[in-house]
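The values are calculated or read from the model by the stated rules, or taken from the named source; none is laboratory data. Remember, it's a predicted structure, so these values are computed and weren't measured experimentally. Cβ sites come from the backbone with ideal geometry, for glycine too, and all protein chains shown count toward neighbours. Only protein heavy atoms, including side chains, enter the accessible area calculation; ligands, DNA and RNA are left aside. Shrake-Rupley method; radii C 1.70, N 1.55, O 1.52, S 1.80 Å.
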Amino acid sequence: MKLILVSMMACMLFFSCRNQTSEIKKLQSRVDSLEQKVKNSYVPGFGEFMSGIQSHHAKLWFAGINENWELADFEIHEIMENIDDIKKFETDRRESQSIPMIEPALDSVNVAIQNKNINQFKNSFVLLTNTCNTCHRDVNFSFNDVKIPDSPPFSNQVFKKVIN
Ligand code: HEC
């Protein structure tokens, strides 16, 4: 009787172990396929983030000089989001270490926008643009020279404040 009981228990243990091994194998293959998916998922390159920043930088200028503070507020936050994304997604690029240098300049433009002060805006925008180029020089991309734009970047967007 004892022998039957012991062998029954051994049998149960054996099958439950086999079940567990196959569960682990299944989980491992799911982890492997998820890892593959993550590896293949699309992440914009550093240059794509910069092209986005370039467009928001230009729009920001025309929003600010037209005292369209709502749009200017939107544009500065778009730049800030792009900067945060570079920090998050471009960890492999050595240049990302220099990204924080832009933050004080962005903050000072932001303060000018919140104060709705056009002179403060213009001055802090010059500081911002200079800091863009300081970084480009620091990371050996000085040939990407940015400046205050002469004309609005898009003809299909209104930069003057629309009076409701
Ligand atoms: C890390 C410091 C850094 C800061 C700060 C920075 N950039 Fe860049 N920028 C780069 C690097 C690196 C590249 C080259 C990216 C690449 O590999 O394609 C670049 C490229 C560019 C380009 C060229 C994009 C293209 O494909 O033609 C523009 C335009 C640009 N940046 C604008 C700006 C503006 C505007 C600012 C400030 C608001 C700014 N950048 C701030 C590092 C920086």
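Excluding residues fewer than 8 places away in the same chain, name every one of the aspartates and glutamates whose C-alpha is closer than 17 Å to that of residue 88.
48, 78, 103
Considering only 116, 37, 59, give the residue with the highest GNM mean-square fluctuation for the chain, with springs between Cα atoms whenever their separation is below 10 Å.
In this elastic network of the chain, the residue with the biggest mean-square fluctuation among 116, 37, 59 is 37.
Where the centre of each part is set by its Cα atoms, how far does the range 76-98 sit from the range 5-63, in angstrom?
Their Cα centres are 23 Å away from one another.
Determine the per residue accessible area of the range 46-138 with all protein chains present and a 1.4 angstrom probe, expressed in square angstrom. It would help to have the intermediate numbers written out before the result.
Details: 4660 Å² over 93 residues.
Per-residue accessible area for the range 46-138 comes out at 50 Å².
Among 53, 79, 24, whose mean-square fluctuation peaks in a Gaussian network model of the chain (Cα, cutoff 10 Å)?
In the Gaussian network model the winner is 24.
Under a GNM of the chain (C-alpha, springs under 10 Å), which listed residue has the highest mean-square fluctuation: 120, 28, 97?
Result: 28 has the largest fluctuation of those listed.
Could you tell me the relative contact order of the range 1-85? Use alpha-carbon pairs under 8 Å, at least six residues apart, and round to a whole percent. Kindly include the intermediate steps, with their values, before the conclusion.
Details: 25 pairs, mean separation 18.9, N = 85.
Relative contact order, the range 1-85: 22 percent.
Sort the range 46-138 into rounded, prolate or oblate with this rule: let a ≥ b ≥ c be the square roots of the eigenvalues of the Cα gyration tensor; rounded if a/c is under 1.5, and if a/c is not under 1.5, prolate when a/b is larger than b/c, oblate otherwise. Intermediate values should be presented prior to the final figure.
Values: a/c = 2.22, a/b = 1.79, b/c = 1.24.
It comes out prolate by the Cα gyration axes.
Calculate for the chain the 222 nm mean residue ellipticity that helices alone would give, adding -39,500 (n - 2.57) per DSSP H run of length 4 or more and normalising by residue count, nearest 500 deg cm²/dmol.
Details: 5 runs with 114 residues, N = 164.
Result for the chain, helices only: -24500 deg cm²/dmol.
Using the Cα centre as the reference, give the magnitude of the dipole from point charges on the C-beta atoms of the chain (Lys, Arg: +1; Asp, Glu: -1; all else neutral), rounded to the nearest 20 debye. Please report the intermediate quantities before stating the final value.
On the way: 18 positive and 20 negative charges, 176 e Å.
So the magnitude is around 840 debye.
For residue 102, what accessible surface area do you get with a 1.4 Å probe? Give it in Å², rounded to 10.
Spelled out: residue 102, probe radius 1.4 Å, area about 20 Å².
If r is the Cβ-Cβ distance from residue 41 to residue 96 and R0 is 25 Å, what FRET efficiency results, to the nearest 0.05? Could the numbers behind the result be given before it?
Numbers: r = 19 Å, r/R0 = 0.76.
For residue 41 and residue 96, the calculated efficiency is 0.85.
Of all the C-alpha pairs in the chain, what % are more than 21 Å from each other? Write out the running numbers ahead of the final one.
Working: 8030 of 13366 pairs.
Tail of P(r) above 21 Å: 60 percent of Cα pairs.
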